[in-house]
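Engineer: Pasting a structure here, questions to come.
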Amino acid sequence: MTREYRAVIVGAGRKAGPIDDERGPGDRAWLKPWGHASAYQAVPGCRVVAAADPLEDKLHRFCDRYDIPGRYSDYRRMIEREQPDLVSVTTWAGLHAEVAIFAAEHGARGIYVEKALCGSLAEADAIRAACQRHRVAFNYGAGRRYRPGYCKMRDMGASGELGEVRGVIINCGMGGLMHGQSHMVDTAMHLLGDPEPEFAQGYIHTETGPDGEHTDGYYDAAANRWCGRSVSGGDPRLAAAYIRFTDGTDATIWANGGRWYQFTLVGTTGLAHAADNNSSYEARRIAEAGIFRSEPLPFPAFEDESDTVIAIRELVAAIAADTPEATSGNIERTHRGTEILFALAQSHLEDGRRIGFPVENRTMYIPSR
Ligand SMILES: NC(=O)c1ccc[n+]([C@@H]2O[C@H](COP(=O)([O-])OP(=O)(O)OC[C@H]3O[C@@H](n4cnc5c(N)ncnc54)[C@H](O)[C@@H]3O)[C@@H](O)[C@H]2O)c1
C-alpha cells in the first residue's frame, strides 16, 4: 500500500487555492490546479489535513471549499498537533521565514514556500540552515522552473543543441523586486543550469513627486530597509538587471512594464524561446554559416502540466527516497536566487556597482507580499 502524505497549509488566501478562479479557459500561462490545496488533491497519496489562518471566516470558507477538516487560527498549534509530512507556506513573504523554520524544527519532512522566500538575507540563511539541519526537502513557488517547456529549453542548452550557451534575455512586467522579479531571477538560473553567480548589477525605479515626496519604493538607510506606499509596503520596482555567472554565461532582465513575459535562451548557433508568459515555445538555429539567416529548430514535444502539482510531486519523491536536496527548487538554489535579488538592490544603492557574492549586507530588509 502506498503511504499517505499529510499536508497542511499556512495562509488560506489566493495562492492557497482560489487563485485557480483567476485563470480563464484557454489561458496557458499558469495551468490549473495552480493553488496549493487543489494541487495536493491532484497528487496521489497526498491529503490536506488542516489549514491555518487568523481570519476565521476566510479559513472556514477555504476549508469548506477544499474539504479540509482541521482548522486553526495559530499555525504553530496546527503543526504541533497535526505533525504533517508537508507544509505549504502561502502567507505573505514577511512571515515565510518564521513559518518555514518552525515547520522544519517541528517534524515537517517537506516544505513548499511561496515566493518571495523572505525579507532579508539573514532570514534566508536561517531558513537554509533549518532545512539542512533537519534534512527537510524544500521547493519554491517560482513556478516556471517546474514547467516542462522551460525544462526542455534548459535541456536544449545543456545538450549543445544551441551551440555554446551565452545567456538568457527576459522581457517582463515591472513587478516588485521580491514579489515579481523573484520569478525572473529563478527562471534565468534554471535555464542556464543553475550556475553560481559572479556579480549582479541592478537599476530600480525610485521616483519622487513634484515636492520630492517618494512615489515609489525607497531605501531608508537608518533602518536598512526599503519602504514605500505601494501595496507591498516598499518592495521596489526593478527596471533592469544584469547577472553574470562564474561559467561565463549571463542573464539580462528588462522589466519594462510591457507584460510580454518572453524568455530567450541564447546559444552561438541556436536559441530557444518561451512566449506569451509560458504559453508557447519555439527554437531557431542558424541556417547557413556566414550569413544572417535562421530557420526553425524543432522544439521537443512535451506534455505541459501545472507547476504546483510538479513541485508537490517532487517533494513527495524526495521524502520517499530520503533525498531532501533532490528537488528542482531546493533551498540551495532558492537561497542563491534570493541572494541575487538583494545584490540587485545593493547595486542600485551604489550607482550600479557590480555586487559580488556573498552579499555583505545581510540584514537589509525588503518587504513584499
Ligand atoms: N507563485 C505564484 O505565481 C504566486 C501567485 C500569487 C501569490 N503568490 C505568493 O503567495 C503568497 C500569498 O499571496 P496571496 O496572493 O495568496 O495572498 P493573500 O493575502 O490572498 O493570502 C495570504 C493569507 O495569509 C494569511 N495570514 C496572515 N498571517 C497569517 C498567519 N500568521 N498564519 C496563517 N495565515 C496568515 C492572511 O490572512 C491571508 O488569508 C505570497 O508570498 C505571494 O507572493 C505566488
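Engineer: More than 25 angstrom separation, counting every C-alpha pair in the chain; what % is that?
Structural biologist: 55 percent
Engineer: Using 1/(1 + (r/R0)^6) with R0 = 25 angstrom and r between the beta carbons of Glu164 and Trp260, what's the FRET efficiency to the nearest 0.05?
Structural biologist: Rounded to the nearest 0.05, the efficiency is 0.40.
Engineer: Moving on to the next point. In nm, to one decimal, how far is the Ala240 label point from the Phe292 one, both placed 7 Å along Cα→Cβ?
Structural biologist: 2.1 nm
Engineer: Run down the lysines and flag those whose C-alpha is under 17 Å from the C-alpha of Lys58, throwing out any fewer than 8 positions away in its chain.
Structural biologist: Result set, ordered by chain and number: Lys15.
Engineer: Turning to a different aspect of this structure: Add +1 for every Lys or Arg and -1 for every Asp or Glu among the other residues with Cβ under 12 Å from the Cβ of Gly167, and state the total.
Structural biologist: Here the count lands on -1.
Engineer: Now for a different question. Treat the count of other C-beta atoms within 10 Å as a stand-in for reagent exposure and order Lys58, Lys152 from fewest to most.
Structural biologist: Exposure proxy ranking, most exposed first: Lys58, Lys152.
Engineer: By count of other Cβ within 10 Å, fewest leading, how are Tyr365, Tyr75, Tyr281 ordered?
Structural biologist: Ascending Cβ contact count within 10 Å gives the list Tyr365, Tyr281, Tyr75.
Engineer: What does the charge count around Ala116 come to, taking other residues whose C-beta lies under 11 Å from its C-beta (Lys +1, Arg +1, Asp -1, Glu -1)?
Structural biologist: Every neighbour counted, the sum reads -2.
Engineer: Say a site is exposed when it is one of the GluC sites (Glu not before Pro), sits in a DSSP loop, and has at most 13 other Cβ atoms within 10 Å; what is then the longest site-free stretch of the chain?
Structural biologist: With a cap of 13 other Cβ atoms within 10 Å, the longest stretch comes to 5-163.
Engineer: Taking the Cα-to-Cβ direction at Ser280 and at Asn224 and moving 7 Å from each Cα, how far apart do the two end points lie in nm?
Structural biologist: In this crude spin-label approximation the distance works out to 4.9 nm.
Engineer: Please state the relative contact order of the chain as a whole percent: Cα pairs under 8 Å, 6+ residues apart?
Structural biologist: For the chain, the relative contact order is 21 percent.
Engineer: Identify which of Gly163, Gly94, Gly202 has the largest mean-square fluctuation in a Gaussian network model of the chain, with springs joining Cα atoms closer than 10 Å.
Structural biologist: Of Gly163, Gly94, Gly202, the most mobile in the Gaussian network model is Gly163.
Engineer: If each of Arg28 and Ala326 carries a label point 7 Å out from its Cα toward its Cβ, how far apart are those two points in nm?
Structural biologist: 3.2 nm
Engineer: Regarding the stretch 146-276, what are the three Cα extents along the principal axes, ordered largest first, in Å?
Structural biologist: Largest to smallest, the principal-axis extents are 54, 30, 24 Å.
Engineer: Among residues other than Pro367 whose Cβ falls under 10 Å from its Cβ, what is the net charge (Lys/Arg +1, Asp/Glu -1)?
Structural biologist: +1
Engineer: Excluding residues fewer than 8 places away in the same chain, name every one of the aspartates and glutamates whose C-alpha is closer than 15 Å to that of Lys115.
Structural biologist: Candidates past the 8-residue exclusion: Glu98, Glu123, Asp186, Asp235, Asp307, Glu332, Glu339.
No lab work stands behind these numbers, since they all come straight from the coordinates. Quantities reported herein were computed from a predicted structural model and do not represent experimental measurements. Neighbour counts are summed over all protein chains in view; Cβ atoms, including those assigned to glycine, are modelled from backbone coordinates with ideal geometry.
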